[in-house]
Amino acid sequence: MPDMNSQTDLPAYSSTITREALRVSQVTFRWDQSQGPIAFPEITLNNGEHLFLRGPSGSGKSTLLSLLGGLILPDTGKLTLLGEDLASLTSGQRDRFRADHMGVIFQQFNLVPYLTTLDNVMLPCRLSRKRRARALPTPEKEAESLLTALGIPPSHWHRRVTGLSVGQQQRVAAARALTGGPELILADEPTSALDSDNRDRFIELLLGLAAEKHSSVVFVSHDQSLAARFDHQLALEVTQ
Ligand code: ADP
Ligand code: MG
């Protein structure tokens with residue numbers, strides 16, 4: 001049986017060898033025949049850099065994050081993550097790649113409702129040996145320190161995550177994405193449910209913690225006022 005980890009054990013992922021977190025080159029994607037293809041601009045992001053991606057509803061922001069997450073593959077063009085062409089991996093290898101190297105914050109957070117706050121944060125470490133090895137000093141201690149940094153008090157850690165407010169759940173989703181220091185964090189409009197004070201504070205915390213862990217970030221929002229905090233920004237347009 002092939003070793004599913006062999007691809008992800010290659011030293012090519014080491015930041016000392018490739019400085020590039022991601023590259024999108026001449027990528028198009030078409031959801032169905034009734035719509036035209038979405039054409040994406042050229043994107044290059046180096047390790048540790050933070051990209052703000054904006055654009056009106058329907059411009060393909062979520063589609064691009066699905067491509068970056070390896071959930072869908074480009075129809076044309078090439079997309080490389082940490083030097084790896086995702087199209088050359090099997091779907092099982094892409095799942096493993098995502099678990100090992102990416103933290104994703106969805107618009108709806110996608111927390112596991114029957115797990116506690118702490119167990120939700122530690123989930124990536126259960127799914128990935130690499131994430132577990134990078135969660136220092138232990139997955140539990142790292143989860144606790146991320147939750148503390150994000151302002152979730154210990155009284156919530158052992159409760160079901162569904163008992164938390166929307167703003168708290170969003171920060172739990174951020175802690176889960178950051179745990180085990182993945183090279184790449186993808187965030188799809190995670191602040192849409194927050195007022196502007198909480199939104200600014202959340203972004204500051206997310207980017208500060210990502211910088212500590214040297215994670216690259218792709219942050220999607222339609223709110224241009226957030227862009228100033230990022231190294232790079234890019235606007236998608238409706239091209240269909
Ligand atoms: P955004 O996140 O910027 O609002 P999306 O990536 O969700 O944009 O959508 C871009 C285009 O792709 C839209 O025309 C949308 O209808 C279409 N689309 C997105 N997701 C799907 C899907 N799962 N099935 C079919 N069409 C989709
Ligand atoms: Mg979207």
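All of the numbers you see were taken from the coordinates with simple rules; none came from a lab. Just so it is clear, the structure is predicted and the values come from calculations on it, not from any experiment. Positions of Cβ are generated from backbone atoms using ideal geometry, with glycine treated the same way; all protein chains shown enter the neighbour counts.
So, of the residues in the stretch 206-229 that are over 15 Å from the mean Cα position of the chain (by Cα) and of a type in the set (A, V, I, L, M, F, W, C), which turns out to be surrounded by the most Cβ atoms within 10 Å (Cβ to Cβ)?
Among those residues, the one meeting the criterion is Leu226.
Among what's in the stretch 88-114 and is assigned to a strand (DSSP E or B) and within 14 Å of ligand 2 (Cβ to nearest atom), pick the residue that is surrounded by the most Cβ atoms within 10 Å (Cβ to Cβ).
Ile105
Is there a residue in the stretch 185-202 that is polar (S, T, N, Q), buried (at least 18 other Cβ atoms within 10 Å of the Cβ) and not in a helix (DSSP H, G or I)?
yes
Are any residues in the stretch 73-87 surrounded by 15 or more Cβ atoms within 10 Å (Cβ to Cβ) and either within 16 Å of ligand 2 (Cβ to nearest atom) or part of a loop (DSSP other than H, G, I, E, B) (or both), and if so, which ones?
Leu73, Pro74, Leu82, Gly83
Condition (residue is touching a strand residue (DSSP E or B) at 6+ places or on another chain (Cβ under 6 Å), assigned to a loop (DSSP other than H, G, I, E, B) and either under 22 Å from Pro113 (Cα atoms) or within 16 Å of ligand 1 (Cβ to nearest atom) (or both)) applied to the stretch 166-180: is it met by at least one residue?
No.
Condition test on Glu237, is it acidic (Asp, Glu) and within 16 Å of ligand 1 (Cβ to nearest atom)?
In short, yes.
Within the bounds of the stretch 129-145, is there any residue that is loosely packed, with under 15 Cβ neighbours inside 10 Å, among the β-branched types (Val, Ile, Thr) and closer than 28 Å to Ser192 by Cβ?
Looking through the stretch 129-145, none of the residues is loosely packed, with under 15 Cβ neighbours inside 10 Å, among the β-branched types (Val, Ile, Thr) and closer than 28 Å to Ser192 by Cβ.
Please determine whether any residue of the stretch 148-155 is surrounded by 14 or more Cβ atoms within 10 Å (Cβ to Cβ), within 16 Å of ligand 2 (Cβ to nearest atom) and outside any strand (DSSP E or B).
no
Does any residue in the stretch 52-66 that is near ligand 1 (Cβ under 7 Å from one of its atoms) come within less than 8 Å, Cβ to Cβ, of a residue that is part of a helix (DSSP H, G or I) six or more places away or on a different chain, and which pairs are these?
Gly55/Lys61
Please find, among Thr148, Thr191, the residue that is under 19 Å from the mean Cα position of the chain (by Cα), among the hydroxyl-bearing types (Ser, Thr, Tyr) and within 18 Å of Leu209 (Cα to Cα).
Thr191
Among the residues of the stretch 25-51 satisfying the criterion of being hydrophobic (A, V, I, L, M, F, W, C) and near ligand 1 (Cβ under 9 Å from one of its atoms), which is surrounded by the fewest Cβ atoms within 10 Å (Cβ to Cβ)?
If we take residues in the stretch 25-51 being hydrophobic (A, V, I, L, M, F, W, C) and near ligand 1 (Cβ under 9 Å from one of its atoms), then Trp31 is surrounded by the fewest Cβ atoms within 10 Å (Cβ to Cβ).
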